[in-house]
Amino acid sequence: MMKMWKLAAMSTVAIGMLATSFTTAYAGTAKTASVSGKTIGFADSTLTNPYFVALQKGVDSEAKKYGLKVINDNANNDDSTQLNQVEDLIQQHVSVILLNPVDSQSLSSAVKAANSAGIPVITLDRSVNSGKVATFIASDSVLAGKMAAQELIKALHGKGTVVELQGILGESAEIDREQGFDKEIATAPGIKVVAKQSANFDRATAMNVMQNILQAHPTINGVFAQNDEMALGALEAIQQAGKKNIKVVGIDGEQEAINDVNKGTMYADIAQQPTEEGVLGIDYAVKLLKGQKIPSKVNSPLHLVTKGSKFKGF
Amino acid sequence: MDWVRKYRLGPLIGFVILFIVLSILSSQFLTFDNLRNVALQTTVNALLSVGMTFVILTSGIDLSVGSTLALSSAIAAQLMVSHVNVALACIVGVVIGGLAGALNGLLVSYGNLAPFIVTLGTQQLFRGLTEVYTQGMPIYNLPTSFTDFGTGTVLGIPIPVILAAIMFIAGWIVLRKTVIGRKIYALGGNLKVAHLAGIKVKRYLVWVYVACGVLAALGGLVLTARLGSAESTAGTGYELNAITAVVLGGTSLLGGEGSVIGTLIGALILGVIDDGLNLLNVNSFWQDAVTGLIILIAILLDRKKSR
């Protein structure tokens, strides 16, 4: 049995990877025999954001289950770095590329390069504008914005003034979350969005912006922050201003925000599940390797977190 | 207009005009609470720009301050959550900042390398070390004895503002009233001449960068205390804010000319712009353009007056 293993591994991977097949074979089971030892390239956009750290954790842990080897790349949010990294992955003849693109436009050429090398690409969290993608795994940002609006409407019983903190203008998450939120909040005629300002998805910026907004609108009732980092910055500003009863809703599912929801300082969080997203990435990569058909879009689940929920963030 | 030139009043005039315009446009601008917010929000950039003024006066530049801020505050915060004494953790943070500055200074002076390149490299190095150290995760649940330092007030004035004020006064005294200050100006004038004049050029340069690193670490402690958490991305791009404040304040990028008072006004101009744009709920898409325009007008104003 062990010999068959090694033979299978040798025929599919480069000689340099032989060493890994020994270790992975040890962890493998008969069920995963067909993919064990293969290499997946994972090009992550950044590791300075907990979300993408969790994404990588999901990829790594699930890959281990299947005995897959993962080459992790971190592009530090730079598109040309990522382009080079994807080209390197192609050179190394990885079996599947998981791509969390820094930029939807500029990484299209990386996907096309993989296409012509015959290596399938799965995009995670964000996708690309052109090139052939085997499947795109992400949570629905428009839906997340909509759910956040529903929570605020519920929290304020359909009446009051709210503030919207926008992310980095032009990023797809910002555009989609805003679209979902704005459309849904408009269905509550008693709720007025009195200020809409960008805080670049950044906590420190959000704290300052929120402080300033509280000067202009001292009696607001709710805040929608397009991500948790900004929600946490806004909470800090609200607490320091001594304000009570301002309902804050964020998106992402960061552990720190979940803690605040459970403490009652934050009203609700629309949690994405990046670890789950990474796990799905590997699962669908394995399906591809086994020659199975996969859908072109996979929705990673969203989770509404309210006080007392047992949900664990990232 | 000679007196405007003599006393370098360009930046101040720009600031006053901006102040008056915002007071007219927004009824909330000219309130004690709001002005206190502006002062508080300016402290981090103010601390960074005092150090940056020193460096730029020697005709250098320090692009690594944002990363130094992140590295020193991450280490201090991690020590705090590991139950190390808060004061000790802060001191370690400041020492880390000083060491980071010393590395810059040594490479610039004894290594004889261009400050732009050196600090571009250390910017990446320090940011990378921060990422490795934090693994990209925020460090939170900091002790209240520390966060109180970011949110507390003395006689209604926020503690960080008092800290920044002390640093400005110290910077002003060093530059204007001491031999060291005169030598720093001389360094920016002409390194060779300064050397011939018997100034220990290299040693002074190292200490200037150490001071810049220490101030960046202090800025990091203020930011962390205000936020209640340290993040690996903290301070990204702050070097440009600091350089902008210094230049807005009339300090020459060629060195040898300028003052910390100008820098203070420059930092306040930036703080007031951010605050005003939020108060007026200016469309987010327009904010960068408006900020850029105001900065250009302020610089033009200074140039015209001082010609």
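A compact table of results
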quantity: In order through segment B:88-104: 3J(HN,Hα) via Karplus (6.51 cos²θ - 1.76 cosθ + 1.60), integer Hz, x for Gly, Pro; calculated: 5, 4, 5, 4, 4, x, 5, 5, 4, x, x, 5, 4, x, 4, 4, 4
quantity: Separation in nanometres of the label points that stand 7 Å from Cα toward Cβ, at B:Leu125 and B:Ser145; calculated: 3.4
quantity: Total lysine pairs whose alpha carbons fall under 24 Å of each other in segment B:37-306 (8 or more apart, or interchain); calculated: 8
quantity: Exposed-loop-free span, longest in chain B, where chymotrypsin sites (Phe, Trp or Tyr not before Pro) count as exposed if DSSP calls them loop and at most 15 other C-beta atoms lie within 10 Å; calculated: B:111-307
quantity: Average partner coverage of B:274-282, which counts Cβ from other chains inside 10 Å; calculated: 5
quantity: Simple label model, 7 Å out from Cα along Cβ direction - B:Asp33 to B:Arg203, nm; calculated: 5.4
quantity: Total formal charge among the other residues, if their Cβ is under 14 angstrom from that of A:Ser95, Lys/Arg +1 and Asp/Glu -1; calculated: +4
quantity: J(HN,Hα) series, segment A:192-206, from Karplus relation 6.51 cos²θ - 1.76 cosθ + 1.60, nearest Hz, glycine and proline x; calculated: 10, 8, 8, 8, 9, 9, 8, 10, 6, 6, 10, 5, 4, 4, 4
quantity: Cβ neighbours within 10 Å from other chains - mean over A:187-198; calculated: 2
quantity: Label-point gap, in nm, between B:Val84 and A:Thr81 - each point 7 angstrom along Cα→Cβ; calculated: 2.7
quantity: Exercise: per-residue mean of other protein chain Cβ atoms within 10 Å, A:209-219; calculated: 6
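Where a number appears in this text, it was derived from the coordinates with a stated rule and is not lab data. Bear in mind the structure is a predicted one, so any value in this text is a computation, not a measurement. Note that each Cβ is placed from the backbone with ideal geometry, even for glycine, and that neighbours are counted across all protein chains shown.
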